[in-house]
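J.: Below you'll find the structure I mean.
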């Protein structure tokens with residue numbers, strides 16, 4: 001789903017999350033703490049960011065899988081509809097062909113009978 005500015009909602013959300021992470025990281029680095037506290041906090045923030053990215057990645061993967069499955073389902077439905085229509089067309093052709101052949105045979109028989117009758121008269 002692309003919005004007017006050419007960016008999708010997911011792209012905007014990702015940009016927002018990256019900006020928030022960078023801004024939070026910078027604010028954190030400039031906060032007055034000891035080196036050990038800062039390293040622990042950076043580790044914690046890194047793990048949280050990794051977890052959020054993993055969740056977003058899993059959700060995107062699920063959406064893609066769902067879209068693929070939906071596409072397969074729609075494809076199969078359309079394929080079945082086309083196959084049914086083609087079979088109905090073939091059956092209608094066979095019926096009309098048989099009717100025309102039958103009419104031709106009847107016409108030929110009638111013509112031959114007429115010719116036989118004229119030759120005997």
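J.: Would you mind checking the tilt of helix 35-120 against the longest principal axis of the Cα atoms of the chain, expressed as 0 to 90 degrees and rounded to 10?
T.: The angle comes out at about 0 degrees.
J.: Could you work out, for the chain, what percent of all Cα-Cα pairs fall into each 10 Å distance bin, beginning at 0 Å and stopping at the bin that holds the largest distance?
T.: Distribution as computed: 10, 17, 14, 12, 9, 8, 7, 7, 6, 4, 3, 2, 1 percent.
J.: Still on this model: Residue 75 versus residue 44, label points 7 Å from Cα toward the beta carbon: distance in nm?
T.: Here the answer is 4.8 nm between the modelled labels.
J.: May I ask for the angle, rounded to the nearest 10°, between helix 9-30 and the longest principal axis of the chain, with both axes built from Cα atoms and the value confined to 0 to 90°?
T.: With both axes taken from Cα atoms, the answer is about 10 degrees.
J.: Continuing with the same structure: With each label point set 7 Å from Cα along the Cα-Cβ vector, what nm distance links residue 98 and residue 51?
T.: Calculated label separation equals 7.1 nm.
J.: Starting from the Cα-Cα distance between residue 12 and residue 36, subtract it from 0.36 nm times their residue separation and give me the gain in nm to one decimal.
T.: Roughly 5.2 nm would be gained on extension.
Quick note: the coordinates plus some simple rules give every number you see, no bench work behind them. All values reported here derive from a predicted model rather than from experimental measurement. Reconstructed Cβ throughout: ideal geometry from the backbone, glycine too, with neighbour counts over all protein chains shown.
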